[in-house]
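Here is the structure we will look at, set down as structure tokens.
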Amino acid sequence: MARHIWRPMATTSMTADSSSIEQAAQLLRQGGLIGMPTETVYGLAGNAFSDEAVAAIFAAKQRPQFNPLIIHVSDIKSAQVLVQFNSLAECLAREFWPGPLTLVLPRLPECGVSLLAGAGLDTFAVRVPAHPVAQALLKASGVPIAAPSANRSGRISPTEAAHVAQELGDKVAMILEGGACVVGLESTVVDATGEVPVVLRSGAVTAEMISQACGAMPQWAGQGSAVHSPGMLASHYAPLVPVRLNAHEVREGEALLAFGAHLPLGASQMLNLSEKGDVQEAAANLFRYLRTLDDPRFSAIAVMPIPRDGLGVAINDRLARAAAVGRI
Ligand code: TXA
Ligand code: MG
């Protein structure tokens with residue numbers, strides 16, 4: 001079964017070596033913040049046991065304190081001392097960890113993770129990242145790592161080390177190089193506290209994959225369920241230039257974010273998410289291309305329609321948020 005459609009392939013660019021990872025681990029233990037590569041997007045990493053480090057993450061991102069952070073650990077055992085697993089969660093973890101899936105589960109009272117990280121909820125979101133540099137940092141530091149995406153709140157998530165430097169360069173003690181993120185979209189967030197999984201945020205682990213692997217068809221947040229994710233604001237991932245969706249033609253002054261082989265003419269600049277119409281390739285390119293086209297020379301970024309299958313669901317979700325509120 002091709003469940004790991006995010007393709008855990010090796011990155012081509014240089015990655016951090018063991019001495020920089022050791023240095024980062026030490027900085028982390030001392031309360032510093034680190035730019036950490038993961039297979040999804042780069043994270044702004046801090047020691048999850050430290051109230052000061054977690055507070056510094058919220059301050060650096062200018063993130064509202066009601067929006068909780070994901071706690072990263074190296075394996076399922078390390079997750080089981082932080083949150084309460086049920087059989088559904090065990091199945092999901094076994095099938096998809098390490099990888100781009102985050103599980104929301106009841107917090108264990110004595111787990112030691114800063115309450116601020118969970119924004120006062122009685123749950124924590126936990127994830128085991130697959131990226132070798134994230135894994136090495138987790139092992140070297142010996143602490144769980146709280147890490148939101150390493151962008152300023154509401155902006156485009158970073159998929160390269162250079163993006164972290166642009167977003168938060170003056171807030172981090174160090175950025176670990178891990179190449180371009182192979183998935184390119186944030187992890188799927190699933191509330192697994194009940195018998196039916198609830199997808200709070202779509203990602204590379206799709207509802208179909210969850211249903212096939214664990215026999216429970218997920219609901220979507222808001223669909224006949226009170227569960228929701230505090231971070232799923234309508235306007236998010238937003239470039240400064242307006243984003244126009246489902247574009248079949250290009251208007252005066254617009255840049256084109258294309259998909260597929262049949263392209264409209266007339267764009268001031270064009271970047272093609274995937275010439276061959278592959279949604280995985282499109283996901284990996286999405287945030288980098290949005291960042292490149294977010295240039296005041298353009299009147300808008302016109303985005304061609306992207307099919308809603310597989311990873312296309314998550315791409316359309318992020319694009320809708322990039323285009324939301326006060327935008328055309
Ligand atoms: O791929 C990812 O998940 C990346 C990398 C760095 O791991 N991290 C990331 O974190 O995207 P962030 O903070 O940008 O998004 C975390 C999402 C938010 O929508 C937040 O509201 C939700 O997870 N979340 C965290 N804790 C939660 C909880 N206890 N209950 C419900 N939602 C939660
Ligand atoms: Mg984020």
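The values are calculated or read from the model by the stated rules, or taken from the named source; none is laboratory data. Source: prediction; values computed, not measured. Cβ coordinates were reconstructed from backbone atoms using ideal geometry, including for glycine residues, and neighbour counts include every protein chain displayed. When the accessible area is computed, the model is the full protein with side chains, heavy atoms only, and any ligands, DNA or RNA have been set aside. Shrake-Rupley method; radii C 1.70, N 1.55, O 1.52, S 1.80 Å.
Assorted remarks:
- Of the helices (runs of 4 or more DSSP H) that lie entirely inside the range 1-83, those containing 2 or more residues that are within 21 Å of Ala125 (Cβ to Cβ) and modelled with pLDDT of 95 or more span 51-61, 76-80.
- Tallying residues that are under 26 Å from Met209 (Cβ atoms) and over 20 Å from the mean Cα position of the chain (by Cα) within the range 280-303 yields 1.
- Looking across the range 144-177, the residues that are under 15 Å from the mean Cα position of the chain (by Cα), within 19 Å of Ala130 (Cβ to Cβ), within 13 Å of ligand 1 (Cβ to nearest atom) and part of a loop (DSSP other than H, G, I, E, B) come down to Ala147, Pro148, Ala150, Ser157, Pro158, Thr159.
- Candidates are the residues of the range 143-165 that are open to solvent by 30 Å² or more (accessible area, probe 1.4 Å) and touching a residue at least 12 places away in the same chain (Cβ under 8 Å); the one that is farthest from Ile34 (Cα to Cα) is Arg155.
- Screening Ser114, Ser87, Ser74 for residues that are under 27 Å from Gly154 (Cα atoms) and either away from ligand 2 (no atom under 16 Å from the Cβ) or under 17 Å from the mean Cα position of the chain (by Cα) (or both) leaves exactly one candidate, Ser114.
Residue by residue, here is whether (1) among the aliphatic types (A, V, I, L, M); (2) assigned to a helix (DSSP H, G or I); (3) touching a residue at least 24 places away in the same chain (Cβ under 8 Å) holds:
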position	(1), (2), (3)
Ala284	yes, yes, yes
Arg288	no, yes, yes
Asp295	no, no, yes
Ser299	no, no, yes
Pro307	no, no, yes
Ile315	yes, yes, yes
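- Positions within the range 92-118 being under 18 Å from Leu200 (Cα atoms) and not in a loop (DSSP other than H, G, I, E, B), in sequence order: Leu92, Ala93, Phe96, Leu101, Thr102, Leu103, Val104, Leu105, Pro106, Arg107, Ala117, Gly118
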